[in-house]
Ligand SMILES: [Zn+2]
């Protein structure tokens, strides 16, 4: 059995399915709820940003992820 620990909430995932129950972003393994929260947080920031720049979005996601990993929460 493979067990992966979410880098943000430290929840353990047994037999994770990449891209479904577990996601890999910027060298971090994150679970589905953490990914959803992160995307939601980024979505709000994107609304205030015109025009939409994909590079900016990616950078914002990576920054938010790194901060969340350091804090241990989103
Ligand atoms: Zn998590």
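The values are calculated or read from the model by the stated rules, or taken from the named source; none is laboratory data. Note that this is a predicted model, so its numbers are computed, not measured. In this analysis, Cβ positions are derived from the backbone assuming ideal geometry, glycine residues included, and neighbour counts consider all displayed protein chains.
For region 33-45, the tally of residues that are near the ligand (Cβ under 8 Å from one of its atoms) and surrounded by fewer than 16 Cβ atoms within 10 Å (Cβ to Cβ) stands at 1. The lone criterion from (1) away from the ligand (no atom under 13 Å from the Cβ); (2) outside any helix (DSSP H, G or I) left unmet by residue 73 is number (1). Residue check: is residue 68 part of a helix (DSSP H, G or I), out of contact with any helix residue (DSSP H, G or I) (no Cβ under 6 Å at 6 or more places or on another chain) and surrounded by 17 or more Cβ atoms within 10 Å (Cβ to Cβ)? Taking the combined requirement at face value, the residue satisfies it.
Taking residue 61 as meeting all but one of (1) part of a helix (DSSP H, G or I); (2) over 10 Å from the mean Cα position of the chain (by Cα); (3) modelled with pLDDT under 90, write down the number of the exception. Of (1) part of a helix (DSSP H, G or I); (2) over 10 Å from the mean Cα position of the chain (by Cα); (3) modelled with pLDDT under 90, only one is false for residue 61: (2). Consider region 10-32 and keep the residues that are farther than 15 Å from residue 66 by Cβ and assigned to a loop (DSSP other than H, G, I, E, B). The one that is nearest to the ligand (Cβ to nearest atom) is 11.
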